[in-house]
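Encoded as structure tokens, the structure appears first; notes follow it.
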Amino acid sequence: MEKNYKNLSWDDIKAMYAEIAEMQKENDRKLAESRAETDRKMVESRAEFDRAMKKSKAEFDRAMKKSNEEIEKTLKETSQQVKETTRQVNETTRQVNETTRQVKELSRNIGGISNSNGEMAEEYFYNSFKADTTFANEKFDRVEKNTKTSRDGVEAEFDIILFNGKSAAVIEVKYNAKPDNILIDKLIERVDIFKKLYPEYKNHNIYLGVAAMSFKSGLETKLHHAGIATIKQIGKKMVVFDKDVKAF
């Protein structure tokens, strides 16, 4: 019985034991058939069996020792790989957390700048309208800003509102007016909302305007075509473009 035990697996070991067990059965069978033979043959057979067992055990022990060494080596290498992978994962997590922190900080700064710019634009146009309340060829006697109103489940906030006895002008203020933050249909829908919140103006003329420090190219033309005035800063003065403004 010759085997290569260099890479002995557990299945090989079990097969070896099975083979040994089969040999034992064979020997027992032969012994049973040879009961009539001489004691010499029984001793020789027994001795041969013992030698085979010793040889098998010695080979098995060598194979197990080598296998254990290989298993130990593999476990050590695997442990080192796990440690390195864990280190890399921790480093990646640290970098992701740092990047997330930086993105949040940047978003916070950008949001702060955006809010500051918006507040600056609202304050500028509010003060300008207070200084000159003429709009749509009408004179207005009251200017309000950041007016938040609710009535009968309807709620809205208006950046600037101009009032007089027969009309009102609702002005949307942006620092930079763009198609994605100025939706003409939504602006026109706010007229009905305004009239619900200010029922005393439901039969009055309501004008719409967009005030901004800058306008995306083409947006002013679209607003004028819709009957909405535009207001912007030119030099140090507020200029109102209300030639095509209409009453809603």
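Criterion applied to LYS202, LYS178, LYS216, LYS243 was being under 35 Å from the mean Cα position of the chain (by Cα) and exposed (fewer than 14 other Cβ atoms within 10 Å of the Cβ), and the one residue passing it is LYS178. Of the residues THR230, THR221, the single one that is of a type in the set (Ser, Thr, Tyr) and surrounded by fewer than 17 Cβ atoms within 10 Å (Cβ to Cβ) is THR221.
Being within 14 Å of ALA229 (Cβ to Cβ) and either of a type in the set (Val, Ile, Thr) or within 46 Å of the chain's Cα centre (by Cα) (or both) is a property that ILE160 has. Within the stretch 226-248, the set of residues being under 20 Å from ASP192 (Cα atoms) and not β-branched (Val, Ile, Thr) comprises ALA226, GLY227, ALA229, LYS246, ALA247, PHE248. Scanning the stretch 206-237 for residues that are more than 25 Å from PHE163 (Cα to Cα), charged (D, E, K, R) and outside any loop (DSSP other than H, G, I, E, B) yields one hit, LYS222.
FYI, it's all coordinate maths here, none of it is from the lab. The model shown is predicted, which means the values in this text are computed figures rather than measured ones. So basically every Cβ, Gly included, is an ideal-geometry build from the backbone, and we count neighbours across all protein chains shown.
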